Amino acid sequence: MVAFPRPSVCLLYWTRQPISKSVFLQSQRRLLSFTLSRHNDSHLNDDKNRKKLKNVFQTNSNKAVRKQKTKEDLARERFEEQLKSSNRFVRWGAIARSEKFSKGMTKYMIGAYVVFLIYGLFFTKKLFARDKELERLLKKQEEGNINEYETLRIKELRGKLRRRDELKLEEYEKMREEGVENFDDVYVQSFDQNKLNEQILPARDTTNFYQGKASEYDKAINMEEKVIFLGKRRKWLMKHCQGDVLEVSCGTGRNIKYLDMSHINSITFLDSSENMMDITHKKFRNKFPKYKKAAFVVGKAENLVDLATKGKSPQENETSKQVKYDTIVEAFGLCSHEDPVKALNNFSKLLKPDGRVILLEHGRGQYDFVNKMLDNRAEKRLNSWGCRWNLDLGEVLDDSDLELVEEKRTHLGTTWCIVAKRKGDVKKKSELGFVEKYLQSSIRKRMESFEGDNGTESKQQHEPVSSINKN
Ligand SMILES: C[S@@+](CC[C@H](N)C(=O)[O-])C[C@H]1O[C@@H](n2cnc3c(N)ncnc32)[C@H](O)[C@@H]1O
């Protein structure tokens, strides 16, 4: 029989306390060595008794110890339960909170950031190279010694290639592959879609057609416009109206309801069909019965300059007394003109400095399958609506004296929203894109200072302002 010394009382007392297992075992071990040393000298001298005593302590230490669960234990148990949950959102939530996942995510984030940085570097370098090439070509253009290939390249760099330009560039690429490097005095055949595509029907005078169509026009077109939410586009068109405004091909005045007269000084409506114009006149007077500075002119856009100078002496026409406009708007008119390029050139002549031409038109789309559909129904459309809806408007715009400020296309590219200005006028700050406004100049400065630092090129060799902004 082993008589336990006093520390065993402590042991019993400690087993009831909520202590950690390791602390408990440590205390037991210390107690064992203390007891052994005490009994070594006295009545526990023989090995048998020593083993016995050891066994007692060992059994005691192996006994399940009832300890309270810590917060961490509870959290771990809950986490494991959630991982096994039948609800996938609970399971995903648990995975997302796991340490493994967050470590993995950190790696992904760092990886993505590195990729982003590398991409950014290449993008910036490419942008800068394009900008410099464009600047060099524009300078050549200004000096008047630019070849056809370089003219097309300018368009490509500005992201404004038409179908005919793409086809021409393909020809140049073929020549390049054959070893031709200098394209001075080299010209490639014309690929003009509006001339070569037989399904784009020849232009015609549509005055009589619209004279007959006027009474049924609004009723017939209402549904079509509602289906494609055209009201939103008309609103876009008319919100540009400010100062002295000219609306060409006003038709039955379908844009009148979007007019905000608070920004308008005067308004002139023009249409070649008198019957269409009568309806415009009625609608305008219904909405603005007392507005005085409104004129309603029956005539063709192709004769606009003559109409504007009618009754004025040659001196008046030379001077600022000539009628000019801040805003010229036109909706779905170019497709029904006899000579759309001439009409646009007239707009350019009648614009005040910093004035804008705003167009909402329909024409060829951005996809071949759409263009095929338009081509196949071109004749039917012309007969029922008097318009050439498959016209390549890009070509018409590029052939005119106007310069594009904005070109947005919707309805698979068939609806064209255009803002244009006179050639040489400067873009307004609000018209500059994000890249032009914030990135181009700062990229240029950084790259140039970098080049300057390396002594490869000096800053003085470059023009101070990007020519893109000038045009
Ligand atoms: C398709 S309608 C568009 C009417 C209106 N702008 C609209 O958005 O509903 C075409 C209009 O252009 C007119 N038009 C056609 N050729 C014209 C020309 N050369 N000069 C001025 N107006 C013309 C027609 O009389 C007709 O009113």
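Which cross-chain or sequence-distant (5 or more) residues have an amide H under 5 Å from the amide H of SER266, H modelled 1.01 Å from N in plane?
Under 5 Å from the amide H of SER266: ASP244, VAL245.
In whole Hz, with x marking every Gly and Pro, tabulate ³J(HN,Hα) for the range 154-162 from phi via Karplus 6.51 cos²θ - 1.76 cosθ + 1.60, θ = phi - 60°.
3J(HN,Hα) across the range 154-162, in whole Hz: 4, 5, 5, 5, 8, x, 10, 7, 8.
For the range 97-253, rounded, prolate or oblate, judged on the Cα gyration tensor with a ≥ b ≥ c (square roots of eigenvalues), a/c < 1.5 rounded, else prolate if a/b > b/c?
oblate
Classify the range 146-220 from the C-alpha gyration tensor, please: rounded if a/c falls under 1.5, else prolate or oblate depending on whether a/b exceeds b/c.
Taking the square roots of the gyration eigenvalues as a ≥ b ≥ c, the range 146-220 is prolate.
Compare the peptides 386-398, 121-133, 350-362 by average per-residue count of other Cβ atoms within 10 angstrom and give them in order, highest first.
In descending order of packing, they fall as 386-398, 350-362, 121-133.
If you take the square roots of the eigenvalues of the alpha-carbon gyration tensor of the range 396-437 and sort them as a ≥ b ≥ c, do you get rounded (a/c under 1.5), prolate (a/b over b/c) or oblate?
oblate
What distance in nm lies between label points placed 7 Å from Cα along the C-beta direction at ARG130 and ASP339?
Reported label-point gap for ARG130 and ASP339 is 3.7 nm.
Just rank MET373, MET276, MET223, fewest to most, by other beta-carbon atoms within 10 angstrom. Walk me through the numbers on the way to the answer.
Values: MET373 15, MET276 24, MET223 8.
Ascending Cβ contact count within 10 Å gives the list MET223, MET373, MET276.
Rounded to the nearest 0.05, what FRET efficiency do GLU80 and LYS287 give with R0 = 60 Å and r taken as the Cβ-Cβ distance? Could you check? Please report the intermediate quantities before stating the final value.
On the way: r = 72 Å, r/R0 = 1.20.
So, using R0 = 60 Å, E works out to roughly 0.25.
For the range 228-238, what does the Karplus curve 6.51 cos²θ - 1.76 cosθ + 1.60, with θ = phi - 60°, yield as ³J(HN,Hα) per residue in whole Hz, taken in order and with x for Gly and Pro?
With the stated coefficients, the range 228-238 comes to 9, 6, 6, x, 4, 6, 5, 4, 4, 4, 7 Hz.
Which distance in nm do the two modelled labels at MET105 and LYS429 give, with both placed 7 Å along the Cα-to-Cβ direction?
4.1
Using θ = phi - 60° and the Karplus relation 6.51 cos²θ - 1.76 cosθ + 1.60, list the HN-Hα couplings for the range 382-392 in order, rounded to whole Hz, with x at every Gly or Pro.
Running phi through 6.51 cos²θ - 1.76 cosθ + 1.60 with θ = phi - 60° gives 4, 5, 8, 10, x, 10, 9, 7, 10, 5, 7 Hz.
Taking the Cβ of TYR187 as the center, what net charge do the other residues with Cβ under 13 Å away carry, scoring Lys and Arg +1 and Asp and Glu -1?
That works out to -4.
For the cross-link pairs LYS168/LYS324; LYS257/LYS429; LYS239/LYS292, which exceed 26 Å when the distance is taken from alpha carbon to alpha carbon?
From the list (LYS168/LYS324; LYS257/LYS429; LYS239/LYS292), the Cα-Cα distance tops 26 Å for LYS168/LYS324; LYS257/LYS429.
Could you line up ARG78, ARG158 from fewest to most neighbouring Cβ atoms inside 10 Å?
Neighbour counts put them in this order, fewest first: ARG78, ARG158.
Stretch PHE89-LEU201 to full length: gain in nm at 0.36 nm per residue minus the Cα-Cα span?
34.3 nm
What nm value, rounded to one decimal, do you get for the distance between THR410 and VAL370 when each label is placed 7 Å out toward the C-beta?
Distance between the two pseudo-spin positions: 1.2 nm.
Rule-based calculations on the coordinates, nothing more; no lab input. Fair warning: this is a prediction, and the values are worked out from it, not measured in the lab. Glycine also receives a Cβ, built like all others from the backbone with ideal geometry; neighbour counts cover every protein chain displayed.
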